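Report on the structure given below.
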Amino acid sequence: MWSTLLLALREIRRNVLRSFLTMLGIVIGVAAVITMVTLGKGATQAIADQVSSLGSNLLIVRPGQRLGPGATSAAPPFKMADVVAIQEQVSLVRSIAPTVARGMTIVAGARNWSTTVTGSTNAWLSTGSWQLAAGREFSDAEERGGQAVCIIGETVRRELFGGQDPLGLSIRVKGFSCEVIGLLVSKGQSAFGSDQDDTLVMPLKTAQRRITGSQDISALRISVQDEAAIDQAKRQITLLLRERRNITDNEDDNFSVLDTRQITETLSSTTKVMTTLLGAVAAVSLLVGGIGIMNIMLVSVTERTREIGIRLAIGALEREVLLQFLIEAVVLSSLGGIIGIGLATAASIGLAAVMQLPYLFDPAINVLSFLFSAAIGVIFGYFPARRAAQLDPIDALRHE
Amino acid sequence: MNADQTPLIEFSQVTKFYGRGTAGFQALRGVDLSIAAGDFVAIMGPSGSGKSTAMNILGCLDIPSSGSYLFQGVPVEQLDRNQRALLRRTYLGFVFQGFNLLARTTAQENVELPLLYRGEKRGARHQAAQAALKSVGLEGFAHHTPAELSGGQQQRVAIARAIVTRPQVLLADEPTGNLDSQTSNEIMQLLTELNHELGITVVMVTHEPDMAEYARRVIHFRDGRVERLQHNGGRD
């Protein structure tokens, strides 16, 4: 067995170029499969990371049912009393941030910028996993009194103030001036492609009084005590809100409770489908590589007919000749597999860097690809090897 | 000498028919012959006389269409492919006209090849190959490939490969066919030595009467039959 292996290696070394070309199909196939799967995993991970940067235990409650992109059924907004009720009656809730939001143009000095202005409480920061890069949160007095202060995101700072330190400066929002008291740590693009840093937050009361002009609350961001209890919290909140909104048993909810896990799942399922599809295409190239090996092995058997004749005449058994050629094919294909794994590792690291995805080494897919390439050697090497083993020694010796 | 009554090789009414029906070809038409252990036999005959066919059957590479071939009393025609391969690797050594060495493979490795199939250990293979190369006068050529050796040297490597397993019979098919006369005589002397000193039975096909002179007996084939037997008193 060992000597047969050495024999096969010698045979491969004897014809380096041809051996390499034979392996190329497997190399490319394995490299493609592993790269696709690795990048797919990276993409899924990236989405999960970004969604969880919203807060993995976050629930978003909105009035109305989502009917599709941008469309919601008409439903009454929430009031502060709803917020208080949830806070008091659902023990699983850690913090709750009532929010109102408007897209509007804000001005500082000679510059203006269109952004989303949100009115909320300090809980908005914790529920959204925001950190302050500079400055401070709202004080109790500012929240209660609805004072004109705001915390801004990195994009707003850049667009309005350039290189300047924004703290203590003021921004004009819909006819009133608002002092910048805090700057958020940059989060970058969200998984949905929007710029999370393009934001301005002010106390809820300030926004209600000076922008929306009502006591309405358009959404609730709720962070739950424990990620594991998120489903239970969802049920309790749903029940409470149904009761408070006087929804009878046979009516549908006129509000929706969304958790970030659902968003993650929807997005990753898309990536998974893509990964599977691309992986399948790559697997086809592995198959083609296998056929390449069979082709070369058949040529090799014909070319080495006389050698096979000598071996048989000397007393090699059928299965010994079979084994020799089979091992040659397997060594070729698994060598291709190993080179493919190396190539895939390089390509995955490179592409992950270019595409700004995390590089996640997946041992399972590497081992699986290697075993698969070896299996291809067995499957596609068997037919040529059997042909070699079944040659008639007399004819084979006569072969020129 | 071996006083055993059973000859090493015994053909009785061996025929060989190739092909089918009228398109077929009757290569052997009832051959009787027997070769005792330790003999040195040359087989001669014009082309188409059946001597190569007889040689293939002798070497257990082929089986008779009818009749019987007893090798050491074993009916070869009843053995399957693998059993015949085992018989070849244990008792027979082959030398061919075209040398048939593995290209790009050293003399040492060529000679070790039959031992590899017999499952000999690395050390034992190495020693046996060295000894075999020495006995054919090729000490110091162990690491030459066939391309680096002359025809006579290649044939010596082939002979070393044939005898490395200490076979009962050495079957040589036109061993001097590709060699000049001086080298041919050297090879024949080597075969004679092996026959005398190691007691290996030698059966050789040739069409050169000079070479057949080295044998103790000559079997002449014609038209698929044994035409006559000739005893050489000569060169012993």
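Relative to one another, the C-alpha centroids of region B:174-227 and region A:92-123 are positioned 107 Å apart. For region A:315-354, a reduction of at least 10 Å² in accessible area between the chain on its own and the assembled protein chains (probe 1.4 Å) is found at A:315, A:316, A:317, A:318, A:320.
Ranking A:123, A:164, A:184 by how far each Cα lies toward the positive end of the dipole of region A:76-253 (charges on Cβ) leaves A:164 at the top. Put one equal scatterer on each alpha carbon of region B:127-193, apply the Debye formula with no solvent term, and list log10 I(q)/I(0) at q = 0.24, 0.25, 0.27 1/Å to two decimals. Treating every Cα as an identical point scatterer, log10 I(q)/I(0) equals -1.13, -1.21, -1.36.
Across all Cα atoms of region B:98-235, the radius of gyration (one decimal) and Dmax (whole number) stand at 15.7, 49 Å. The calculated FRET efficiency for the pair residue A:176 and residue A:253, based on their C-beta separation and a Förster distance of 30 Å, comes to about 0.25.
Keeping every protein chain in place, order A:335, B:170 by accessible area at 1.4 Å, biggest value first, i.e. largest first. Working shown, then result.
Numbers: A:335 60, B:170 0 Å².
Largest accessible area first, the residues go A:335, B:170.
The stretch between residue A:386 and residue A:284, if pulled fully straight at 0.36 nm per residue, gains 34.2 nm over its current Cα-Cα span. With each label modelled as a point 7 angstrom along the Cα→C-beta vector, the residue A:239-residue A:346 pair spans 6.1 nm.
Give me the percent of DSSP beta bridges within region A:76-253 that run antiparallel, rounded to the nearest 5.
Values: 28 of 37 bridges.
Restricted to region A:76-253, the bridges split so that about 75 percent are antiparallel.
Our coupling estimate for region B:56-63, obtained by passing each phi through the Karplus curve with A = 6.51, B = -1.76, C = 1.60 and θ = phi - 60°, is 4, 6, 3, x, 6, 7, 9, 10 Hz, Gly and Pro reported as x.
Ignore the peptide's own chain and count Cβ atoms of other chains within 10 Å of each Cβ in B:101-112; give me the average, rounded. Write down the numbers at each step before the final one.
Numbers: counts 2, 5, 4, 4, 4, 0, 0, 0, 2, 1, 0, 1.
Other-chain Cβ atoms within 10 Å of each residue's Cβ, averaged: 2.
Roughly what percent of Cα-Cα pairs across the protein assembly as shown reach past 49 Å? When all Cα pairs of the protein assembly as shown are counted, 48 percent exceed 49 Å. State the percentage of accessible surface on the protein assembly as shown attributable to carbon and sulfur atoms; use a 1.4 Å probe and exclude ligands, DNA and RNA. That share works out to 54 percent.
Each helix, a run of at least 4 DSSP H residues, gives -39500 (n - 2.57); summed and divided by the residues of chain A, these come to -18500 deg cm²/dmol at 222 nm. Under 19 Å from a label point set 7 Å out along the Cα-to-Cβ vector of residue A:395, the amide N atoms of region B:29-64 belong to B:53-54, B:56-57, B:60-64. Computed with a 1.4 Å probe over protein heavy atoms only, the accessible area of residue A:272 comes to about 120 Å².
Grab the other residues whose beta carbon is less than 15 angstrom from that of residue B:145, score K and R as +1, D and E as -1, and report the net.
That sum, taken over residues with Cβ under 15 Å, equals +1.
For region A:76-253, what is the number of Lys pairs with C-alpha distance below 24 angstrom, counting only pairs 8 or more positions apart or on separate chains?
Numbers: A:79/A:174; A:79/A:205; A:79/A:234; A:174/A:205.
Final tally of qualifying lysine pairs is 4.
Helical runs assigned H by DSSP (4 residues or longer) give chain B a calculated mean residue ellipticity at 222 nm of -10000 deg cm²/dmol, each run adding -39500 (n - 2.57) before division by the residue total. The calculated FRET efficiency for residue A:189 paired with residue A:272, based on their beta-carbon distance and R0 = 22 Å, is about 0.55.
Solvent-accessible surface of region A:76-253, taken per residue with a 1.4 Å probe and all protein chains present: 47 Å². According to the calculation over all Cα-Cα pairs in chain B, the P(r) per 10 Å bin from zero is 8, 32, 36, 20, 4, 0 %. Relative to the longest principal axis of the Cα atoms of chain A, helix A:363-389 runs at roughly 20 degrees. The distance linking region A:329-396 with region B:29-97 is 45 Å (Cα centroid to Cα centroid, whole angstrom).
For residue B:121, the lysines whose Cα falls under 25 Å of its own Cα, not counting residues fewer than eight places away in the same chain, are B:134.
A crude spin-label estimate for the pair residue B:82 and residue B:65, with each label 7 Å from Cα along the Cβ direction, gives 3.0 nm.
Would you list A:294, A:274, A:23 from the most to the least accessible area, probe 1.4 Å?
Details: A:294 50, A:274 105, A:23 15 Å².
The ordering from most to least exposed comes out as A:274, A:294, A:23.
Per residue of peptide B:84-91, the mean number of Cβ atoms on other chains within 10 Å of the residue Cβ is 4. Per residue, the Cα convex hull of region A:76-253 amounts to 130 Å³. Interface between chains A and B: roughly 2100 Å² of accessible area buried, both sides summed (probe 1.4 Å, protein heavy atoms only).
Assuming charge only on the beta carbon of Lys and Arg (+1) and of Asp and Glu (-1), the dipole of the protein assembly as shown about its Cα centre is about 880 debye to the nearest 20.
The values are calculated or read from the model by the stated rules, or taken from the named source; none is laboratory data. The structure presented is a predicted model; accordingly, all values stated were derived computationally and were not measured. Here the Cβ is made from the backbone with ideal geometry for all residues, glycine too, and neighbour counts use every protein chain on show. Just the protein is used for accessible areas: all its heavy atoms, side chains included, with ligands, DNA and RNA removed. Shrake-Rupley method; radii C 1.70, N 1.55, O 1.52, S 1.80 Å.
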